[in-house]
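First up is the structure itself, then whatever we jot down about it.
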Amino acid sequence: MRIDVVTIFPDYLAPLELSLIGRARRAGLLDVVVHDLREATTDRHRTVDDTPYGGGAGMVMKPEPWGRALDAVLDGGPADVGRPRLLVPSPGGRVLDQAMARELATEPWLVFACGRYEGIDERVLLDAAQRFEVTPVSLGDYVLNGGEVAVLAITEAVARLLPGVVGNAESLVEESHEDGLLEYPVYTKPASWRGLDVPEVLLSGDHAAIARWRHQQRLERTAARRPDLLAPTAADDPAGLAVVP
Ligand code: 6SD
């Protein structure tokens, strides 16, 4: 998979050189290219923002540098993979979940456009839609200062699903959100620590009993912490698309 990121803070993406993602890049499983939006400016001050038409607080990202930067990404990208996905982090975007991460992991080419200030001039996304599959994407219902943290999170959630990135394929399926339930609690040695004992069943060697206990724990935890995952409400399906048995 190829990932391009356009940002005014290239250093913000430095963590993508670490850990599993860094190793996947060195192994050639993932190709990440970070672009400085200011390289696509033409003025002496490398200006990327201006005051908003219509007034209001803050500054808006100018369209011309974005247009040139996205053209350059298309020119420098892989050939013959069709329209790349342009992901634009935004609090009003589609909220990332594991199903979306799985969907993105099937794409050959993702391009991220990181906004700052009050956001990017709307015409950039309208124009980009001629060449990209544009998808505004949100990390959740809270406000960040820009798109970079969202790019780190989305890239990690997607890259770890690529073949060969996470060593043990079982550790991928046994995870929270992969099958709609939270994970069971895990323990390691010592069997007793600060007066707290590991549940007896885990020491029993009875694999069927352990599997039943873990499943029960997953149900209880999901009910207690994320009841929305067990009984989706109308708010989770506003279009009423779910099939009711
Ligand atoms: C100005 C941005 C880009 C500002 C964001 C995304 C989420 N989930 N919360 N906040 C965000 C993204 C905020 O550029």
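Readers should treat all values here as calculations from the given coordinates under stated rules, not as data from a laboratory. These numbers come from a predicted model, not from an experiment. Don't worry about glycine lacking a Cβ; one is built from the backbone with ideal geometry, like all the others, and counts go over all protein chains shown.
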Residue-wise, which Karplus ³J(HN,Hα) couplings in Hz belong to region 101-116, taking 6.51 cos²θ - 1.76 cosθ + 1.60, θ = phi - 60°, and x for glycine or proline?
4, 5, 4, 5, 5, 8, 7, x, 8, 10, 10, 10, 10, 8, x, 9
Stretch gain in nm, segment GLU170-ALA242, where the contour uses 0.36 nm per residue and the Cα spacing is subtracted
23.0 nm
For the chain, what ratio Rg/Rh do Cα atoms give with a Kirkwood hydrodynamic radius?
1.06
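If you add up the charges near ASN168, with Lys and Arg at +1 and Asp and Glu at -1, over every other residue whose beta carbon is less than 12 angstrom from its beta carbon, what do you get? Please list the in-between numbers first.
Values: positive: ARG160; negative: GLU170, GLU174, GLU175.
Every neighbour counted, the sum reads -2.
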Which of the DSSP-defined H helices in the chain satisfy a minimum axial length of 15 Å, computed from C-alpha atoms, and a minimum mean Kyte-Doolittle hydropathy of 0.5?
148-159
Taking 30 Å as R0, compute the FRET efficiency from the Cβ-Cβ separation of ARG226 and GLU39 and round it to 0.05.
0.10
Sites THR233 and VAL95 - FRET efficiency at Förster radius 25 Å, r taken between beta-carbons, to 0.05
0.95
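On a full-extension model of 0.36 nm per residue, what is the gain between LEU202 and ALA72, subtracting their alpha-carbon distance, rounded to one decimal in nm? Present the calculation step by step, with values, prior to reporting the outcome.
Values: separation 130, 0.36 × 130 = 46.80 nm, distance 5.59 nm.
Working it through step by step, the gained length comes to 41.2 nm.
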Place +1 on the Cβ of every Lys and Arg and -1 on the Cβ of every Asp and Glu in the chain, take the dipole about the Cα centre, and give the residue among PRO185, LEU96, GLY77 whose Cα lies farthest towards its positive end.
PRO185
Helix-only mean residue ellipticity at 222 nm for the chain, each DSSP H run of n ≥ 4 adding -39500 (n - 2.57), per residue, nearest 500:
-9000 deg cm²/dmol
Sorted by Cβ neighbour density within 10 Å, fewest at the top, the residues TRP193, TRP66, TRP213:
TRP193, TRP213, TRP66
State, to one decimal in nm, how far the label point of GLU183 lies from the label point of ARG83, with both points 7 Å from Cα in the Cβ direction.
3.7 nm
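Assuming R0 = 35 Å, what is the FRET efficiency of GLN217 and TYR53, from their Cβ-Cβ distance, to the nearest 0.05? Walk me through the intermediate numbers first.
Working: r = 55 Å, r/R0 = 1.57.
Efficiency, rounded to the nearest 0.05: 0.05.
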Exposed-loop-free span, longest in the chain, where trypsin sites (Lys or Arg not before Pro) count as exposed if DSSP calls them loop and at most 11 other C-beta atoms lie within 10 Å
45-193
